Amino acid sequence: MRRVKTTCAYCGVGCGIVATPTGERSATIRGDESHPANFGQLCSKGTHLGETIALEGRLLHPEVGSRQVGWDAALQAVADGFKATIAQHGPDSVAFYVSGQLLTEDYYVVNKLMKGFIGSANIDTNSRLCMASAVAAHNRAFGEDVVPCSYSDLEEADLILLVGSNTAWCHPVIWQRIEAAREQRGTKLVVIDPRRTETAERADLHLPIAPDSDVALFNGLLREMKSRWQLDGAYLAQHVSVPEGFWDMETVDVAKACELSQAQLDAFYDLFAETPRTVTLFSQGANQSVSGTDKGNAIINLHLATGRIGKPGAGPFSITGQPNAMGGREVGGLASMLAAHMGFSDAERDCAQRFWQSPTICAGPGLKAVDMFNAVADGRIKAIWVMATNPAVSMPDANVVRAALAACPLVVVSDCIGDTDTTAFAHIKLPALGWGEKDGTVTNSERRISRQRGFLEAPGDAKPDWWIVSEVAKRMGWVDRFSYPNAAAIFREYAAQTGFENGGTRLLDISDKTDISDADYDAMQPFLWGGTSPLASARFPTPDGKARLVPVRYQARDDGALDYPLRLNTGRYRDQWHTMTRTGLSPKLSQHRREPLVEVHPDMVARFGLDDGGLAMVETAQGNSVFRVASTDNQRRRDLFVPMHWTDQTSGGGRTGLLPAQDRDPVSGQPGFKNTPATIRTWLPRWTGFLVSKAMPAIPACTYWTRVRTAHGWLVELAGDDEPDALLSLLPACNRAEMSDSRRGIMRAAVVADGQLQGALFIARDGGLPPRDWLVEQLGGEEAATLELLAGRPATPQADRGPIVCVCFDVGMKTILETIRAETLTSVEAVGSALNAGTNCGSCRPAIARLLETERSPVYA
Ligand code: SF4
């Protein structure tokens, strides 16, 4: 059987995968033992990629209006629309909003078209929402967007600081490498995060800092290291430029600003002082902030001043969210960069223009994501092309983006999915290849460039993104400069640009690949540009060769209006990815969290009169949305946490993007998703219910609903105030058995055909509903007795395994707890031996560790 080595579609760890096609649209997936990012490991998302490659929901043909057309007509319509807009309103009246899901070759072509041929820099990427602040911090400190570390540093460090990173959920294979290193060499772990996540629970020290107080903490640590004579004077003198007055630092009361005890701070300071080999891994919790760039520089300042950089096991290490955010940064896919790590000086623009042999060149930086959609809203931008992303969901204050797209004269969307919240606004839809079909390169968080290879046939009319953009460019008049025969040709051109008139001024230089043959490109092995430690020479890509300490000051955030006394934080779930267009197809991955939860401290549950497990409306100045309440003391008292994944296609609530404001970092333009003034109130629907269905049910007409995949169909949670009778239309129209009691507000119906349950609906006014799992199983089982179906339970009661913890082996929380008790288990490994849980991808190992802790220190209600 043909085995293809490729890379994972999801996070910035960039794991290598071996895919073996087993049919037209199926494949087995396993980790690539030879890939240096993961050495064969995969997390739950990567492991279950095979469940997401069927054609369900795919956009297969170009559409203009809602009419299917051929490629020629669609491409001509895009080219004509963009040309006419530019002719009438100038190059800045058009824009591209692209994605860290694109391959480097796609990114290269669209960046070249926009900046060199259209002549505007209005191209930005959803990576703006992810790590633009880290990019800006690198540029300020090092003179170039260079990540100083590689993954091997995590194995050589004696101390790892995780800042704003739930690594166990969001970068699970990195987490596994950290855990292995801790076991082997006793690496100490400090987690700096307002939430007590599964990552934080495993730390030697967890600092649950107040939101956005990171600058105060790291400035305080730097001050403390100076007072303890722990700075590296020789490194500072030789390799770092220190601006005058830098050491006249603010004297903020760190404990007060961070809302930590002095004992916690002292423990942190002591650990740092006595452990020179330190890596600080920072992620979205640091970046997605109105002070994200300053946070990055506060971290980098500390590493530069203590000489903990450019050495094995030491350095500041930004880790990205998306599979190719780094590739986008490299080619210039951000509005704030030109190309190949060049900026917008006259010399750099001239260099890029001569390299591209282009008729024009952009004059300066373009509009960053939030500003871009605001320009669409106020009519400055009249044509926008959205590629492989879903801004109608993911942008802050997403209703503004929706209104902007609705009013925009020309919206083009190229995507592999047909119906998303963003394609709903498209005048032209272009079908792009998806993961498993496309071919090119990606760069992971440690600067490792790997091949992503296709192993599935292109479905329908779908084409590579680079091909779509190139064909439009040709129709706009630039045939010669966009006639690429394949992705390899684009890679060669990009590689050549990194070396063009570089002369050692930029560390990004892969020009040794300029002449790579198609065959060698096809066989290309993963490689690190810049090597494992690109700053090891301590020669920085600045005019004087020195790094910069950047003065940064902690700024306390206004506590907000009395109407919004809480702080809203947003983030990811372990088994879902972005807006779930792909992970939502996987029944396994859909088990871990079936609904969007708002996590609330128990004190606030009581104070706001909420019901744990009930529904609540989360409100900010921008909007509101309904979530399921989860009471947990893992939250700080005044903080709420909600997930980012749910959309109009999957839920009538959980719409997180509607809630944050457009406030953004003044340097990077990255929005502050993690600290929005908010409030919460209970929402008591007249009735609640759920539906199980073999076929995908239509979107229900009720206030709250969520629709998730199950092994044999769908599970839809429901709640509303209007009469629920209309929901019966969600069931197939045959052989319906019904039971209702209007006095008690109960309605139950089940439809059986060909000996199998096709669907069942349960509605109750008092919330008394049967458990879901047995009914969900009946969609794929033998026919159950009608009375059992309407009761929602088998005549012989089944064991309740509780919420699923291990999705690989379908092991529930109650099963694990009972086994721990019955067999007196004391380790994650012992639970694995007993139940298999945690022995495949390992993503649930922190959750199992948490259950073991619970059993060691039981909490009795
Ligand atoms: S950690 Fe998981 S999601 Fe990230 S690249 Fe690896 S397998 Fe994919």
Determine if the range 685-696 includes at least one residue that is within 30 Å of D754 (Cα to Cα) and of a type in the set (D, E, K, R).
yes
When residues of the range 635-655 are limited to those that are under 18 Å from P565 (Cα atoms) and outside any loop (DSSP other than H, G, I, E, B), the one nearest to the chain's Cα centre (by Cα):
V642
Top-ranked residue in the range 156-180 [being away from the ligand (no atom under 16 Å from the Cβ) and in contact with a Ser or Thr (Cβ under 8 Å, 6 or more places away or on another chain); ranked as nearest to P211 (Cα to Cα)]:
G164
Taking the conditions exactly as written (over 22 Å from C11 (Cβ atoms), in contact with a helix residue (DSSP H, G or I) (Cβ under 9 Å, 6 or more places away or on another chain) and either open to solvent by 10 Å² or more (accessible area, probe 1.4 Å) or within 16 Å of the ligand (Cβ to nearest atom) (or both)), does E183 satisfy them or not?
no
Conditions first: (1) away from the ligand (no atom under 16 Å from the Cβ); (2) within 30 Å of L189 (Cβ to Cβ). S318 passes all but one, so which condition is the exception?
(1)
Give all pairs with beta carbons closer than 6 Å in which a residue from the range 826-841 that is closer than 16 Å to K588 by Cβ and within 16 Å of the ligand (Cβ to nearest atom) meets a residue that is open to solvent by 20 Å² or more (accessible area, probe 1.4 Å) and part of a loop (DSSP other than H, G, I, E, B); count only pairs at least 6 apart in sequence or on separate chains.
N840/C808; C841/C808
Of the residues that sit in the range 753-778 and are modelled with pLDDT of 90 or more and among the aliphatic types (A, V, I, L, M), which one is surrounded by the fewest Cβ atoms within 10 Å (Cβ to Cβ)?
L769
Identify, by number, the condition in (1) modelled with pLDDT of 95 or more; (2) open to solvent by 20 Å² or more (accessible area, probe 1.4 Å) that E24 doesn't meet.
(1)
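Can you report the number of residues in the range 199-213 which are open to solvent by 10 Å² or more (accessible area, probe 1.4 Å) and either outside any loop (DSSP other than H, G, I, E, B) or free of Cβ contacts under 8 Å to residues at least 60 places away in the same chain (or both)? Outline the logic, then answer.
The first filter runs over the range 199-213 and keeps only residues open to solvent by 10 Å² or more (accessible area, probe 1.4 Å), leaving 201-206, 208, 211-212.
The next check asks that each one be either outside any loop (DSSP other than H, G, I, E, B) or free of Cβ contacts under 8 Å to residues at least 60 places away in the same chain (or both); those that pass are 201, 203, 205-206.
Final tally of qualifying residues: 4.
Answer yes or no: is there a residue in the range 52-64 that is more than 22 Å from A487 (Cβ to Cβ), open to solvent by less than 20 Å² (accessible area, probe 1.4 Å) and within 16 Å of the ligand (Cβ to nearest atom). Step through it out loud before you land on a result.
Kept after step one, since they are more than 22 Å from A487 (Cβ to Cβ), are these residues of the range 52-64: 52, 54-57, 61, 63-64.
Checking the rest, the ones that are also open to solvent by less than 20 Å² (accessible area, probe 1.4 Å) come to 52.
Retained after the next criterion (residues that are within 16 Å of the ligand (Cβ to nearest atom)): 52.
The answer is yes, given that some residue of the range 52-64 is more than 22 Å from A487 (Cβ to Cβ), open to solvent by less than 20 Å² (accessible area, probe 1.4 Å) and within 16 Å of the ligand (Cβ to nearest atom).
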Tally up the residues in the range 28-49 that are near the ligand (Cβ under 9 Å from one of its atoms) and in a loop (DSSP other than H, G, I, E, B), please.
5
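Look through L585, L640 and report the one residue that is crowded, with 19+ Cβ neighbours inside 10 Å and either in contact (Cβ under 8 Å) with a residue 40 or more places away in the chain or touching a helix residue (DSSP H, G or I) at 6+ places or on another chain (Cβ under 9 Å) (or both). Full working, then the answer.
Details: L585 fails: crowded, with 19+ Cβ neighbours inside 10 Å.
One residue alone meets the criteria, L640.
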Subset of the range 651-668 (residues that are surrounded by 24 or more Cβ atoms within 10 Å (Cβ to Cβ) and of a type in the set (A, V, I, L, M)):
L659
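Between S99, S127, S133, which is more than 20 Å from S450 (Cα to Cα), among the small types (G, A, S) and crowded, with 24+ Cβ neighbours inside 10 Å? Full working, then the answer.
Working: S99 fails: more than 20 Å from S450 (Cα to Cα); S127 fails: more than 20 Å from S450 (Cα to Cα).
Unique residue meeting the criteria: S133.
Restricting attention to the range 597-607, does a residue exist that is touching a residue at least 40 places away in the same chain (Cβ under 8 Å), in a loop (DSSP other than H, G, I, E, B) and either at positive phi or open to solvent by less than 50 Å² (accessible area, probe 1.4 Å) (or both)? Talk me through it step by step, then tell me what you get.
Let us first name the residues in the range 597-607 that are touching a residue at least 40 places away in the same chain (Cβ under 8 Å), namely 597-600, 604.
Going one step further and asking which of them are in a loop (DSSP other than H, G, I, E, B), we end up with none.
Checked against the condition, which is being touching a residue at least 40 places away in the same chain (Cβ under 8 Å), in a loop (DSSP other than H, G, I, E, B) and either at positive phi or open to solvent by less than 50 Å² (accessible area, probe 1.4 Å) (or both), the range 597-607 yields no hits at all.
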Using beta carbons and a limit of 9 Å, which pairs, at least six apart or on different chains, have the first residue in the range 509-529 and among the small types (G, A, S) and the second one open to solvent by 40 Å² or more (accessible area, probe 1.4 Å) and part of a loop (DSSP other than H, G, I, E, B)?
S511/F500
Starting from the range 11-27, take each residue that is assigned to a strand (DSSP E or B) and list its partners that are within 12 Å of the ligand (Cβ to nearest atom) and open to solvent by 20 Å² or more (accessible area, probe 1.4 Å), counting only C-beta distances under 7 angstrom and pairs at least six apart or across chains.
I17/I29; V18/R30; A19/I29
The one condition D648 fails out of (1) over 27 Å from W774 (Cβ atoms); (2) open to solvent by less than 10 Å² (accessible area, probe 1.4 Å) is (2)
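The values are calculated or read from the model by the stated rules, or taken from the named source; none is laboratory data. This structure is a prediction, so every number in the text was calculated from the model and none was measured. Note that each Cβ is placed from the backbone with ideal geometry, even for glycine, and that neighbours are counted across all protein chains shown. Accessible surface areas use protein heavy atoms only, side chains included; no ligands, DNA or RNA. Shrake-Rupley method; radii C 1.70, N 1.55, O 1.52, S 1.80 Å.
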